[in-house]
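What follows is a set of notes on a single structure, which appears directly below.
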Amino acid sequence: MGMAPDGASLRGDLWLRVRREAETAMARDPIFGRSLSASILDHPDLGAAVSHQIGQRLGKTTGDRHQFERVANEAFAASPDLVDAASRDLDRIVLNDPASTGPLPALLNFKGYVALQGWRVSNWLWRRNRRDLALLLQCESSDLLQVSIHPSASIGTSVFLDHATGIVVGSSATIDDEVTIQQNVTVGRKAESPNRAPRIGRGVLLSAGATILGDVDIGDFAKIGAGAVVTSDVPGGCTAVGVPARLTNCTEGVPA
C-alpha cells in the first residue's frame, strides 16, 4: 500500500485538478465563466479559493464577505496545516461520495465543506483568544448554512459533513479523523454534566438524525443509526440503533 501524500503535495494536486475542471467548465458553459473566474481562476492556490468561499457563504454584506475572506486568508497563512486539513476534507469527498464528480463541485457547492472550513478558521481564532469573531463565524454558519459547530470543539481531518443541514456540534466535543456526519445530527453535552462532551472516534458514521449526548465515547469505526439517541459508550466497530440506542452487532449485548 502506497504512502498517503503529504499536505503540500495533496493540496497542490487538488488545486491543479480544480483549475483544470474550472477551465473545462468555463469552455463548456461560458455563462458560468465569470463566476468561475471569481471563485477559482483569480486565486493563486487552494487556500485562497477556500477563503473566498468562506467569505461568500458566511458574509451577509459585501463588507462582511471581504472581512471573512481576509480573516480566513490570515489564518491559512499563519497555519498552513489548516489548508492541509481543507485538502484532506476535500479529497475524502472526492474519493468517497458517489454524488461527487470531482473536487470543483464539492468546493463550490457542498455547504458542509465550506461550513467545516469556516469552523477551522473560527477554531483558530478561538485558540488565539479572538473569541468574539470566532463566535460570529459560528453564528453566521448556523444562520446561513444550518451548520453550528462551537469554536472550542476539536475536529480531525478527512471529515465529511454530508448534506449538512441541521448539524450541531457543541462546546468541547471531540471528533477524530475520517468521520462522516449526515444531516440533523447533534453532538452535545447534557445539562447535568456541562463539562463533559462526547468523544467521536476515527472513521465513525453518524447517520441522519442521530443524537449523541453527554460524557460518552464512540469507538473507532462505530456506526450510529439514523435517529438513534446515544447516551452511553459505543465500543469500536459496533452499530448503535434506536431510542434509547442499543448495540446490534457486539458480543457485549448491552445498551448503548
Tell me the per residue accessible area of the range 1-121 using a 1.4 Å probe; a whole number in Å² is fine. 48 Å²
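Could you work out the helix-only [θ] at 222 nm for the chain, with each DSSP H run of four or more residues adding -39,500 (n - 2.57) and the total divided by the number of residues, to the nearest 500 deg cm²/dmol?
After summing the helix terms and dividing by the residues of the chain, the value is -14000 deg cm²/dmol.
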Can you give me the angle between helix 62-78 and the longest principal axis of the chain, using Cα atoms only, in degrees from 0 to 90, rounded to the nearest 10? 80 degrees
Volume per residue (Å³) of the convex hull spanned by the alpha carbons of the range 1-137 is 116 Å³
First measure r as the distance between the Cβ atoms of Ala77 and Arg20, then evaluate 1/(1 + (r/R0)^6) with R0 = 22 Å and state the FRET efficiency to the nearest 0.05. 0.30
Per residue, how large is the accessible surface of the range 132-220? Use a 1.4 angstrom probe and give square angstrom. 38 Å²
Lys190-Ser154 FRET efficiency (beta carbon distance; Förster radius 22 Å; 0.05 resolution): 0.75
Please build a GNM for the chain, connecting alpha carbons under 10 Å apart, and tell me which residue among Val83, Val121, Val241 fluctuates the most. Val241
Stretched fully, the stretch from Asp29 through Ser171 gains (0.36 nm per residue minus C-alpha distance, one decimal, in nm) 46.8 nm
For the pair Ser9/Asp215, report the inter-label distance in nm, with labels modelled 7 Å from Cα in the Cβ direction. 4.4 nm
Quick calc, Asn249 & Gln56: beta-carbon distance into FRET formula, R0 41 Å, rounding 0.05, result 0.40
To the nearest 10 degrees, how steep is helix 46-58 against the longest Cα principal axis of the chain, on a 0 to 90 scale? 70 degrees
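The values are calculated or read from the model by the stated rules, or taken from the named source; none is laboratory data. Just so you know, these numbers come straight off a predicted model, no measurement behind them. Cβ coordinates were reconstructed from backbone atoms using ideal geometry, including for glycine residues, and neighbour counts include every protein chain displayed. Remember, those area values only see protein heavy atoms, side chains included, never the ligands or the DNA or RNA. Shrake-Rupley method; radii C 1.70, N 1.55, O 1.52, S 1.80 Å.
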